[in-house]
Amino acid sequence: MTDTAFVKLNAVAKRWNGQLGVEDISLRIEEGAFVALLGPSGCGKSTTLRLLSGLEIPDEGQIHIAGTDVTHSPPAERDLSMVFQSYALFPHLSVAENVIFGLKVRRVPKAERAEKLRRALEITGLLGLEHRKPAELSGGQRQRVALARAIVAGKRLCLMDEPLSNLDAKLRNAVRKDIKKLQRDLGITVVYVTHDQTEAMSMADMVVLMKDGRIQQVGTPQDLYSRPENTFVAEFIGAPPMALIDGAALDGFSSGETIGLRAEHIAIADAGAGRMTCHVAECEFLGSETFIGLTHDGAKGLTLKLPGLVQKAAGEAIDITFNDADLHRFDGDGQRLNTT
């Protein structure tokens, strides 16, 4: 069968002085997809993006974009645009001049520049601000200028490296929706680097979760949440993360395996009638629900999720219960066991 993926990375590796950057990175990205590279600091997600952009050249493997081998091609020959964590705006130029700067460098005709500028400003909600300088804009507006610049480039592939990390939480939420809408309306392919799982889970069609330079799992947000391939994925994805229980602490399971359990699948049982007896560590009220942290010698990360305001005293004993159908089983190496 012919591989028609728009972006392909085949067994790509990058090392510096023998130190691992990324290893054996293989990805297939369809045109029009929104893909998030997710993981903790130092996991290799930004390195992967730099390899895709041409800012770094791989030591091994191949990279193809739109059917062309670009493994050793410079960024200018990869037909893509980029949006960075820093806005990278010229402080002495106006919004309009920043947006069309690349078009002027490429000697795009003036009439075409004007039309592309108008459309990009309209899409990003910047009409009326075209004569302002970056210093006169808010952080969210500056990021929209960077997005508008990527839009006028007219590239089918856009790479974004943690573009929202300089914004406050409320603004991040607003611009996150803007980016997703832009991607959908323009039909472009986006590869988006973030360490924030909320960004990845809410925006992406496909999430690539990385750790120590290697891919841990690739799938839809639902795949990673509902069927984590290993205990790292189980603990990284979800708020609160999945609890991990030593199999020896549960009847019917062995000490050689680890059992995963999501907060929403735990219920309070009558005293002496539960599957585990735990103790309250803390209560976290979030308005519509309360998270109750629990402690147990054979488990970590146990959290009870209850609607509304619930108050429990620290140290209070609570019996909990759950269904076997909601459990995730992992072997001694932390790899998923149940395949159904």
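Overview of results
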quantity	calculated
Pair list, Cβ under 8 Å, 6 or more apart: the range 57-69 residue free of Cβ contacts under 8 Å to residues at least 12 places away in the same chain, other residue assigned to a strand (DSSP E or B)	69/62; 69/63
Cross-chain or 6+ apart pairs with Cβ under 8 Å, the range 314-330 first and over 19 Å from residue 277 (Cα atoms), then polar (S, T, N, Q)	328/338; 329/258; 329/338; 330/230; 330/231; 330/258
The lone exception for residue 25 - which of (1) under 19 Å from the mean Cα position of the chain (by Cα); (2) β-branched (Val, Ile, Thr); (3) assigned to a loop (DSSP other than H, G, I, E, B) it fails	(3)
Cβ-Cβ under 8 Å pairs, at least 6 apart or on other chains, the range 39-53 side within 14 Å of residue 236 (Cβ to Cβ), far side outside any helix (DSSP H, G or I) and among the hydrophobic types (A, V, I, L, M, F, W, C)	39/209; 39/210; 43/210; 45/37; 45/38; 45/193; 45/208; 45/210
Residue match in the range 313-322 (condition: assigned to a loop (DSSP other than H, G, I, E, B), touching a helix residue (DSSP H, G or I) at 6+ places or on another chain (Cβ under 7 Å) and either on the phi > 0 side of the Ramachandran plot or surrounded by 15 or more Cβ atoms within 10 Å (Cβ to Cβ) (or both))	yes
From the options 11, 36, residue that is at pLDDT 95 or above, of a type in the set (A, V, I, L, M, F, W, C), in the same structural domain as residue 203 (by TED's automatic domain parsing) and more than 21 Å from the chain's Cα centre (by Cα)	11
Candidate set from the range 267-281 (those that are farther than 14 Å from residue 250 by Cβ and of a type outside the set (Gly, Ala, Ser)); member that is surrounded by the most Cβ atoms within 10 Å (Cβ to Cβ)	280
Residue match in the range 67-78 (condition: part of a strand (DSSP E or B), out of contact with any Leu (no Cβ under 7 Å at 6 or more places or on another chain) and at pLDDT 90 or above)	yes
Unique residue being in contact (Cβ under 8 Å) with a residue 24 or more places away in the chain, touching a Phe, Trp or Tyr at 6+ places or on another chain (Cβ under 6 Å), not acidic (Asp, Glu) and not assigned by TED's automatic domain parsing to the domain that holds residue 207 when the list is 304, 309, 294, 244	309
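The values are calculated or read from the model by the stated rules, or taken from the named source; none is laboratory data. Just so it is clear, the model here is predicted, and its values are computed rather than measured. In this analysis, Cβ positions are derived from the backbone assuming ideal geometry, glycine residues included, and neighbour counts consider all displayed protein chains.
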